[in-house]
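Student: Structure incoming, see below.
The values are calculated or read from the model by the stated rules, or taken from the named source; none is laboratory data. Just so we're clear, the structure is a prediction, and the values are computed from it rather than from any experiment. As a convention, Cβ positions derive from the backbone with ideal geometry for all residues, glycine included, and neighbour counts pool all protein chains shown. Just so you know, the surface numbers come from the protein's heavy atoms only, side chains and all, with ligands and any DNA or RNA stripped out. Shrake-Rupley method; radii C 1.70, N 1.55, O 1.52, S 1.80 Å.
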Amino acid sequence: MEPAAGPAEGGCGPVGGTSAGGRESGGWAGGAGGNWMATHPTFTEMMSLDISDSAQIYAAFVVYLDLLEGRNWHEVKHIGVAELQLICLHAREREQDSLQVMVPVPVHVSLSHERIREIMKKASLPQDDPDTPLSVTLAIVESDSTVVYYKMTDGFVIPDPPDDTEDVDNKQWRKKRKKLFK
C-alpha cells in the first residue's frame, strides 16, 4: 500500500457545513450567495445515482475535484455501483495511460477484508492480460477534504525498478530482483 496524502483542490466542505477555513460553504465565493457545490453538474449527477449515503457522494465529489483540478488527471468519469452503494471514478493519470479505478471512501467508514475483496471484484476494470492482478485505489477522504490514496492489488506485485541508475547496477539489487522472479 502506498499512501500519497494531500489536500484536495477546491477546499470545499460538506453541503451545508463549513469549509476547512471555518467559512460557511453556502456563502463561499464562487456563487451569488448560493452553494456552488450543490449546483455543480457533476455533483448533481452523482446525487441522482442510486447511492443512499450522502457522505459517500460527498467523498466521491471531493476525489473527483482532486483528480481533475488538483492532479490534472484525464477522462475522470464517475460510475455508480448500486450493489456496493459506492461511486467509483475511472481516470487516466496521463492521456496515454490505461484507466485506473478510484474508490472514494469517507474516513469514518470501516472496511473489512471481505468488503475490500468485494469492492475489488465488482469495481475493478477487466484486465487485458489475464496475469495482471485486479487493482483499485482507495481514496480515503477526511472531513477537511484531505485525500489519501492507497493502491490495492489482488496478490503480490513485483515492484518497479528504482529510478536511480546507480541502484540498477548494484549487486544487491540484482540479487533481490533475481529472487523475486524465482
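Student: Would you be able to tell me the number of residues in segment 141-182 that are aliphatic (A, V, I, L, M) and modelled with pLDDT under 70?
Tutor: The qualifying residues number 2.
Student: Counting only residues that are farther than 21 Å from residue 140 by Cβ and assigned to a helix (DSSP H, G or I), which one in segment 31-40 is most open to solvent (accessible area, probe 1.4 Å)?
Tutor: Taking the candidates together, the pick is 39.
Student: Sticking with this one: Taking segment 98-134 on its own, how many of its residues are at pLDDT below 90 and in contact with a helix residue (DSSP H, G or I) (Cβ under 7 Å, 6 or more places away or on another chain)?
Tutor: Of the residues in that region, 1 qualify.
Student: With a cut-off of at least 3 residues that are buried (at least 17 other Cβ atoms within 10 Å of the Cβ) and among the aromatic types (Phe, Trp, Tyr), name the helices (runs of 4 or more DSSP H) lying wholly within segment 41-147. Walk me through it before giving the result.
Tutor: On the way: elements: 41-47, 54-65, 113-123.
Per the criteria, 54-65.
Student: In addition: What are the residue pairs meeting all of these: first residue in segment 62-89, first residue closer than 16 Å to residue 43 by Cβ, second residue open to solvent by less than 10 Å² (accessible area, probe 1.4 Å) and hydroxyl-bearing (Ser, Thr, Tyr), Cβ atoms under 6 Å, and 6 or more apart or on different chains?
Tutor: 62/145
Student: Which is out of contact with any strand residue (DSSP E or B) (no Cβ under 8 Å at 6 or more places or on another chain) and of a type outside the set (Ser, Thr, Tyr), of 101, 105, 109?
Tutor: 109
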